[in-house]
Amino acid sequence: MPYPPPPRTPSGPRRRFLLVTAAGAALLTGCSAGPDSGDGPSATARARAHAARESRELLTHYDAVLAAHPGLTDRLRPLRAQVAAHVEAFTDSTTTPTPAKSPAAPPTVPADEKDALSGLAAAERALADRRAGQLLDVPGEPARLLASVAAAGAAHAYLLTKKGTK
């Protein structure tokens, strides 16, 4: 006995209806504002202001070492100039500098030059590590800037601990 031919219109929703519905749902989902959509620019501005403040604190550390050990001026001048450039890079026309919560006392500088350089290298390394950890929290161009400055800080830490460099 032969089977009857299938009906011309299948039961259930049509394929075209499902495709249009799925495409519309995808568009609506892609265009909807998520909970973090309002934080983008302000989170970036906060990250830049925080990075500028940390660079200013590091600059203060350089100044304290230079004041205590003037013989290190030739060695530290180029590194200090780069840290000052980092402050400028993080501070743009839309970023207002945020002062530290409490005025930080200048760092204590050891009497021995080698120990002073070690302390400065440790400060550079710690700041570079913190910045590397913050990379996922900032988008696009600010993340690239943060990565570049973190790499420069790691290089500074290396140069400060390298023996015989003047």
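The values are calculated or read from the model by the stated rules, or taken from the named source; none is laboratory data. All values derive from a computational prediction rather than experimental measurement. Cβ sites come from the backbone with ideal geometry, for glycine too, and all protein chains shown count toward neighbours. Heads up: the accessible areas ignore ligands, DNA and RNA and are worked out on the full protein's heavy atoms, side chains in. Shrake-Rupley method; radii C 1.70, N 1.55, O 1.52, S 1.80 Å.
Descending by average beta-carbon neighbour count within 10 Å, the peptides 48-59, 148-159, 131-142 line up as 48-59, 148-159, 131-142, the highest first. Model label points for Ala85 and Ser42, set 7 angstrom from Cα along the Cα-to-Cβ axis, are 3.4 nm apart.
Heavy-atom accessible surface of Glu113, to the nearest 10 Å², is about 70 Å², with a 1.4 Å probe and all protein chains retained.
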